[in-house]
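Structure first, then comments.
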Amino acid sequence: MPNIKIFAGNSHPELAQRIAQRLGTEPGKVVLKKFANQETNVEIGESVRGEDVYIIQSGCGEVNDHLMEMLIMIHACKIASAERVTAVIPCYPYARQDKKDKSRAPISAKLVANMLSVAGADHIITMDLHASQIQGFFDIPVDNLYAEPAVLKWIKENIENWRECTIVSPDAGGAKRVVSIADRLNVNFALIHKERAVANEVQRMTLVGDVTDRTAIIVDDMADTCGTVVMAAERLKEAGAKKVYAVMTHGVFSGPALERLLNSCIEAIVVSNTIPQHEKIAICPKIQAIDVSSIIGEAIRRTHNGESVSYLFGNVPL
């Protein structure tokens, strides 16, 4: 059976290190640098012939550079005769551009899928895709892992009266995710309907459901500029919520996000470490990070051994 080889890109070396530790190995030797003209250069520093290669790269920070870096790493391993190359993408880049929502709009998530396939990826492991249908953009197997089990664990351990809480979706698109969590906790859920004037700016919010004298937990897949989540929190406070927490899988926190969170009525915003959070936590103490390296590491181990990954959809591995 081929050995596991794990290679890390520059986007999130700490997560790659944790995943490798979980698997009882070390990240492989790879030199990633840029030429004077800003072209990316990759040198794989050890043999991958006949090996099962996993390349860990998250779609964060300098997204385009990191995407290009991953494509070149996949290609380098493929032409060096790797048995199988799996792209492990904790946060899938361009995931929000997944449909043609206006004329002449690109479907960039599909373009990224094509690029990964053409580069030579045989399998994709990702987490909480913005829309599950992105899996259908690929002709190769895609494992879309969920942070939900880790989120449920955090809620039960950190919110005292969690049986008295209401899970809230900040938009109609996240209703399915919220209903799933509310069902598993056996609590109520609510929905916020938002109307946007232009992209990234919300005009009006309407709450559907009751949060009076309850703890409200806003759940979504991504926190970017945090305009929506802060506005939703204010709307919930107006509607009588005692406390408001926010739980997001991917904490992008771009632009004025940290300032908005510091000045908001949110008690804590909980994100996973699919994107590095140390610097952001130092600026905004309201941010807390859940470690998902155990889920991704276990998915890699099961994929390598040809075992089922579906156990991870409902459980956090020990």
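In the set Val187, Val198, Val178, only one residue is without any contact (Cβ under 8 Å) to a residue 24 or more places away in the chain and among the aliphatic types (A, V, I, L, M); that residue is Val198. For the range 1-38, the set of residues classified as part of a loop (DSSP other than H, G, I, E, B), closer than 18 Å to Glu69 by Cα and free of Cβ contacts under 8 Å to residues at least 12 places away in the same chain consists of Phe35, Ala36, Asn37, Gln38, listed by residue number. Filtered by the rule that a residue be under 20 Å from the mean Cα position of the chain (by Cα) and either exposed (fewer than 14 other Cβ atoms within 10 Å of the Cβ) or of a type in the set (A, V, I, L, M) (or both), the range 14-59 gives Glu14, Leu15, Ala16, Ile19, Ala20, Ile55, Ile56.
Counting only helices (runs of 4 or more DSSP H) that sit wholly inside the range 239-318, those with at least 1 residues that are touching a residue at least 12 places away in the same chain (Cβ under 8 Å), open to solvent by less than 20 Å² (accessible area, probe 1.4 Å) and not aliphatic (A, V, I, L, M) are 293-305.
Only one of Val85, Val63, Val53 is under 16 Å from Ala113 (Cα atoms), in contact with a Lys or Arg (Cβ under 7 Å, 6 or more places away or on another chain) and touching a residue at least 12 places away in the same chain (Cβ under 8 Å). Can you tell me which?
Going through Val85, Val63, Val53 in turn, just one is under 16 Å from Ala113 (Cα atoms), in contact with a Lys or Arg (Cβ under 7 Å, 6 or more places away or on another chain) and touching a residue at least 12 places away in the same chain (Cβ under 8 Å): Val85.
Do we find that Ser81 is closer than 18 Å to Ser293 by Cβ, of a type in the set (Gly, Ala, Ser) and assigned to a loop (DSSP other than H, G, I, E, B) in this structure? Here the answer is no, as Ser81 does not meet what is asked. Taken over the range 1-23, the criterion of being over 17 Å from Cys91 (Cα atoms) and modelled with pLDDT of 95 or more is satisfied by Ile4, Lys5, Ile6, Ala20, Gln21, Arg22, Leu23.
Restricting to the range 39-57, name every residue that is out of contact with any Cys (no Cβ under 8 Å at 6 or more places or on another chain) and part of a strand (DSSP E or B).
If the condition is that a residue be out of contact with any Cys (no Cβ under 8 Å at 6 or more places or on another chain) and part of a strand (DSSP E or B), then Thr40, Asn41, Val42, Glu43, Asp52, Tyr54, Ile56 are the ones that fit.
In the set (1) touching a residue at least 24 places away in the same chain (Cβ under 8 Å); (2) within 19 Å of Val271 (Cα to Cα), the condition left unmet by Asn144 is number (1).
The values are calculated or read from the model by the stated rules, or taken from the named source; none is laboratory data. Just so we're clear, the structure is a prediction, and the values are computed from it rather than from any experiment. For neighbour counting, all protein chains shown are included, and Cβ atoms are generated from backbone atoms with ideal geometry for every residue, glycine included. Protein only, heavy atoms only, side chains kept; ligands, DNA and RNA dropped before computing areas. Shrake-Rupley method; radii C 1.70, N 1.55, O 1.52, S 1.80 Å.
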